[in-house]
């Protein structure tokens, strides 16, 4: 009877959709060491939700827009580099998260803070699913289209620039893809855990792969398996879906490490 | 722009180039031309602005004064000082050579730099010397009109260094491309270079390698031929450890010279 309830299928579809694009994108996050960057964008998403609420905009759209704006800002700040990027992102990331939480409580907005922080996969609506599908499609198309340039940019920015790759545009595209992903992943694992969904499957895929494409594919697959396992656990034992998914991903990573240790 | 597509025209023309960052003048008054099929070596002590000069000429950094003109459509091959690849990126040498360049034959590209066995090797596993060869192979694979090499022998042992310079001269002959390279040791590159620019924030002296090696400004920077490899400690430092720009200022005493004179008088 549970399998006939559409919310479960929506949840699974939404989770798999996000895993599919967060896998390849997560590879770039790992290769380019952008974990902190993802954190900053993700933690700021809460503020996006509040703004959306005030302006009566659909939350996913609001977060998408505010994340893109922040991504642009970060690209600009990074270029000026007076402070180390790490420090800058560390400051921004946690200030934005705190600001988001404080605004939510100050404005007395009727939202479930916990579901924003940790995800609310089982509450995905058909409208959410459509938006997620659209955003995932945009990310997937951009990845496919820009793939060689993204790789060249990741290997050596200046070499790529001399060889005619428009590095600033590529950098921007990568940031915007990440911002879009955060908007749709928020529903799945919540703002606190998005980076985990980005990094862990990619890191697990690393050991299995001989080429960047393989690593991207495996990361998507491992992310998908994590979503399936996490969601199953959530249904069977009534655990929160988002953290269960991240835990499943962490477990798979650990298995990979153990297998390697045994070899 | 103003250049006719004449093969004798310079590949790059720089006029009065300068770069100032946060009040520090890193380079000033750089005027130079790079000719087709000519090997030009930029030498200078650490911190002299050699890499910065390359960046300006490549268009990676914008000068704060002066201008750079590249021949329209100039195809450049660039070999960066190092490629620090994240160990999490699974990529073979062969794939790297093909990335973004059409019609590359990996075997040929690697054979050209004497490293045919590396095609299947993982980029992250290469030694310093192997990486230099692979980077050179990639730079050459684009069939560049200008090859720009930043310290091409970094991480290569002394025996391998002259081999790399021979390779560069070979590439020049084969591709008929101009070569601009940075080195910190004139004596090593001497045989394989047509022209030398001695740089320390500005161009101290330039010309044929033999000529430059006798130039007072060069000797001031690098010490005399008795100790060609000890140059790294021959420039002056101020109290904060910055290299003092004393390149063409012959009024300063020279630590190395003084030492030698002392040695002579004691005999």
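Please find, among A:130, A:150, A:192, A:88, the residue that is closer than 26 Å to residue B:88 by Cα and modelled with pLDDT of 90 or more. Matching residue, one of A:130, A:150, A:192, A:88: A:150. On the basis of being over 26 Å from residue A:79 (Cβ atoms), surrounded by 19 or more Cβ atoms within 10 Å (Cβ to Cβ), more than 10 Å from chain A (Cβ to nearest Cβ) and at pLDDT 90 or above, does residue B:39 make the cut? Against the criterion (over 26 Å from residue A:79 (Cβ atoms), surrounded by 19 or more Cβ atoms within 10 Å (Cβ to Cβ), more than 10 Å from chain A (Cβ to nearest Cβ) and at pLDDT 90 or above), residue B:39 qualifies. Condition (residue is crowded, with 24+ Cβ neighbours inside 10 Å and either out of contact with any strand residue (DSSP E or B) (no Cβ under 9 Å at 6 or more places or on another chain) or touching a residue at least 24 places away in the same chain (Cβ under 8 Å) (or both)) applied to segment A:153-162: is it met by at least one residue? Yes, segment A:153-162 contains a residue that is crowded, with 24+ Cβ neighbours inside 10 Å and either out of contact with any strand residue (DSSP E or B) (no Cβ under 9 Å at 6 or more places or on another chain) or touching a residue at least 24 places away in the same chain (Cβ under 8 Å) (or both).
Of the residues making up segment B:100-116, just one is within 14 Å of chain A (Cβ to nearest Cβ), surrounded by fewer than 19 Cβ atoms within 10 Å (Cβ to Cβ) and farther than 16 Å from residue B:175 by Cβ, namely B:102. Going by what's in this entry, would residue A:45 be described as part of a helix (DSSP H, G or I), more than 14 Å from chain B (Cβ to nearest Cβ) and under 13 Å from the mean Cα position of the chain (by Cα)? Spelling it out, residue A:45 is indeed part of a helix (DSSP H, G or I), more than 14 Å from chain B (Cβ to nearest Cβ) and under 13 Å from the mean Cα position of the chain (by Cα). The helices (runs of 4 or more DSSP H) found wholly in segment A:111-164 and carrying at least 3 residues that are within 20 Å of the chain's Cα centre (by Cα) and within 14 Å of another protein chain (Cβ to nearest Cβ) occupy A:126-155. Candidates B:95, B:62, B:112, B:70: the one that is touching a helix residue (DSSP H, G or I) at 6+ places or on another chain (Cβ under 7 Å) and more than 26 Å from residue B:215 (Cβ to Cβ) is B:112.
Between A:176, A:92, A:88, A:99, the distinction of being surrounded by 14 or more Cβ atoms within 10 Å (Cβ to Cβ), more than 14 Å from every other protein chain (Cβ to nearest Cβ) and within 17 Å of the chain's Cα centre (by Cα) belongs to A:176 only. Within segment B:54-85, the residues that satisfy the criterion of being more than 9 Å from chain A (Cβ to nearest Cβ), touching a residue at least 60 places away in the same chain (Cβ under 8 Å) and not in a loop (DSSP other than H, G, I, E, B) are B:54, B:57, B:69.
The values are calculated or read from the model by the stated rules, or taken from the named source; none is laboratory data. Note that the structure is a prediction, hence the values are computed from the model and not measured. Cβ coordinates were reconstructed from backbone atoms using ideal geometry, including for glycine residues, and neighbour counts include every protein chain displayed.
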